[in-house]
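First up is the structure itself, then whatever we jot down about it.
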Amino acid sequence: MSDTDFVITLPHLRSLIGLRVRHQGCDCVILEVLESPPALVLEPIMVSREINSAANIMANLHGQAGEYGIEPRIVQVLTEDRSGLDDALLELEILD
């Protein structure tokens with residue numbers, strides 16, 4: 001391995017948790033890192049118009065609306081053959 005090669009490790013990826021990024025035009029925060037295959041779990045940051053959307057309301061254990069739910073996004077770190085970085089990762093725009 002040469003000096004220019006870069007190895008991505010799980011501790012390095014975990015250090016990104018909490019970082020704000022833009023994914024496909026949506027502002028998100030990195031919520032978690034999945035180990036196998038390596039992936040970032042992104043949570044879209046709610047904006048005021050989304051807060052009022054009925055599609056984001058989740059029922060509690062008693063079937064009553066009471067919590068907002070936003071579907072997380074998964075961004076793969078490596079390509080399928082694990083030979084390089086996935087395009088979706090490279091397209092993330094760091095906001096912080």
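The values are calculated or read from the model by the stated rules, or taken from the named source; none is laboratory data. This one's a predicted model, so the numbers in the text were calculated from it and none came from an experiment. Every residue, glycine as well, gets a Cβ built from its backbone with ideal geometry; the counts of neighbours run over all protein chains shown.
Taking residues in region 1-23 that are within 17 Å of Leu85 (Cα to Cα) and assigned to a helix (DSSP H, G or I), and partners anywhere that are at pLDDT 85 or above and not β-branched (Val, Ile, Thr), the pairs with Cβ atoms closer than 8 Å and at least 6 places apart or on different chains are Leu10/Glu35; Leu10/Pro38; Leu13/Pro38; Leu13/Leu40.
Quick check, is Ile45 among the hydrophobic types (A, V, I, L, M, F, W, C), at pLDDT below 95 and out of contact with any Lys or Arg (no Cβ under 8 Å at 6 or more places or on another chain)? Criteria not met by Ile45.
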